[in-house]
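Heads up: the structure comes next, in structure tokens.
Here, each number is a calculation from the coordinates, and none is a lab measurement. These numbers were taken from a predicted model, which means no experiment stands behind them. Note that we place each Cβ from the backbone using ideal geometry, even for glycine, and neighbour counts take in every protein chain shown.
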Amino acid sequence: MSRRDDLAAALRSLDGASYGRYKSLSGRWDVSGIDLEVLRVQADPFAPPSRVRLTVDDTGIPADLVATPDRRRALAGFLLRGLRRALRGTPVHVDAGGPEVLERSAGVVDAGGAVTVEVGVPFPGPKRRVLGKEAATLLGATLPDAARTALSWSSVDQDAARAFVETVEDAVALRGALADRGLVAFVADGAVLPRRSGVDDRPMEAATPFGGPSSLAVTLETPNAGRVTGMGVPDGVTLIVGGGYHGKSTLLRALEAGVYDHVPGDGREQVVTRPDAVKLRAEDGRAVIHDDVSAFVAHLPSGEPTDDFSTTNASGSTSQAASTVEAVEAGADVLLIDEDTSATNMMIRDGRMQQLIATEPLVPFVERVRPLHAERGVSTVLVMGGSGDYLGVADTVVMMDAYRASDVTARAHEIAAAGPSRTVEHTGFPAVAPRVVDPASLDPTAKGKRRVTARGRDRLTFGEDDIDLTAVEQITDRSQVAGIGRALALLGDGVLDGTITLAEGLDLLDAELGRRGLEALLDGRSEDLARPRRHEVAAALNRLRSLRLRT
């Protein structure tokens, strides 16, 4: 390593040189006790920022805060957010994320308390010339000084750090208790569910705190907050009803976000959902590749088989049918559905329409939702305000009124029992046929180069394909999309060998991530990744238009 003065001197000596001379900085530098490593230097001022790693070994972090993987993940999230604040106003990018606390490659705390962060640093160089003095200040002073302040225990807000770690640990405990209590989700009393806007994920100011009905009240134990009481959403079929603008979809969105832990002050810290819950919606135009949609498409006028269905331009109903069976195939045990983003003819077929149209290929979800739970163990939470047909198939009916929840199950069942509005045409839920992916179709190369690039939160370039992820609503940010892309590449590089099923491959992926963490996806590379769930990886794979299966 070199000394701090050597780094600053090296940068000043490059002042005015061609931009490519920045590459001479590659390697490790000792900057007053901080290990600063220049991992990658951008080719020109307009290329993606250079990558710099900072390691602080002697942080003074108490041993109890790094005692478990969940505590280390939470502490890393806290420290990254602090570093981002410390560098506000500078060009340095810190991938700290939003309200969700995910495992991120940008920040790692090890079991000994050492902290490593990786940041994006645009090396200054207008007119493709090195600005040596500005770079010396940025790399030799601003960046390491911020790291020293934000990553050392003596400098951080220690009470806030502990509260952050304990909040995440409590959420993990709440989520872990759900299955044994026969619950798919839990919403603590006092939670703040509404967000400020569709582009501002902070809690709405002066929002009505959530309050659940006494009939659904449960109390769960946490290691730090103690006993927490709130509404338990039971296994089975749960209907969320109510008038417009009263909080139905807001509650469902909180449940779909409940698969992740949240930062203190988010309002949803104690809103948790089973880890394998998947949000579904209609998605006009998506590709469907060899899906068994026979549970929802009984036959086609063309005579084509529906147990091996493909299309490059799915309708709303067939796309939602495909997404449903794909979620079940990938291991979802809870489905989250909002009528506002669903295909109407996929969801309902009322009595009058049954009388008018005698032969209908589509099997509405209302006829599959109960056997889906009874025969396949998959629960459903469904927002419905426009069709009473679901009242008779729901185990639990929650009414939202001005963001307050009440249990109207008994009244809903009375209404349903007063007289059937439709005739049941289909029963049971067929087994989902397992699929075997041809690993050669998961090829991330294009024009001889490996291309796996996140294009924001809703698009992934993978090889020669652009995967549209707009409808995959549980993706959190660009770094998770990058993680999904690397996971697809890993699946194609040997996890899926052309003999095992997709579900078995996802099991192996989970095991590898559990064993090696994000390094399993990075494989020695340096980039901002956030750990994806298997369900979003499967969703991306199923939207890959070049996907092929082994028969």
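A compact table of results
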| item | result |
| --- | --- |
| For region 227-352: rounded, prolate or oblate by the Cα gyration tensor [a/c cutoff 1.5] | prolate |
| Under-30-angstrom lysine pairs by C-alpha in the chain, whenever the two are 8 or more apart or on separate chains | 6 |
| Total charge dipole magnitude, the chain, about the Cα centre, Cβ charges on Lys, Arg, Asp, Glu only, Debye to nearest 20 | 1960 debye |
| Unit charges at the beta carbon, dipole of the chain: most positive-side option, Val398, Pro361, Leu549 | Leu549 |
| Sum of -39500 (n - 2.57) over DSSP H runs of 4+, divided by residues of the chain (222 nm, nearest 500) | -8500 deg cm²/dmol |
| FRET E, pair Ser546, Glu519, Förster distance 35 Å, beta-carbon r, rounded to 0.05 | 0.80 |
| Computed FRET value (nearest 0.05) for Asp438 with Glu304, which takes r as the C-beta separation and R₀ as 22 Å | 0.55 |
| Longest DSSP-loop-exposure-free segment, GluC sites (Glu not before Pro), the chain, at most 13 other Cβ within 10 Å | 206-424 |
| Solvent-free Debye scattering, log10 I(q)/I(0), computed from the Cα coordinates of region 355-456 at q = 0.19, 0.21 Å⁻¹ | -1.04, -1.20 |
| Charge tally in the Cβ shell below 13 Å around Gly182, where Lys, Arg are +1 and Asp, Glu are -1, Gly182 excluded | -2 |
| Region 436-550 shape via C-alpha gyration tensor axes, a/c threshold 1.5 | rounded |
| Separation in nanometres of the label points that stand 7 Å from Cα toward Cβ, at Ser526 and His93 | 1.5 nm |
| Mean Kyte hydropathy of -0.5 or more with a Cα span along the axis of at least 24 Å, helices from DSSP in the chain | 158-177 |
| Positive-pole candidate from Ile34, Ile475, Ala96, dipole of the chain, charges at beta carbon | Ile34 |
| Farthest positive-ward along the chain dipole, Cα basis, beta-carbon charges - from Ala225, Val334, Pro124 | Pro124 |
| Length released on extending from Tyr245 to Asn224, taking residue separation times 0.36 nm less the Cα-Cα span | 4.1 nm |
| Once exposed loop chymotrypsin sites (Phe, Trp or Tyr not before Pro) are cut out (DSSP; at most 14 other Cβ, 10 Å), longest piece of the chain | 246-551 |
| Counted charge near Pro439, where neighbours are those whose Cβ lies closer than 10 Å (Asp, Glu -1; Lys, Arg +1) | -2 |
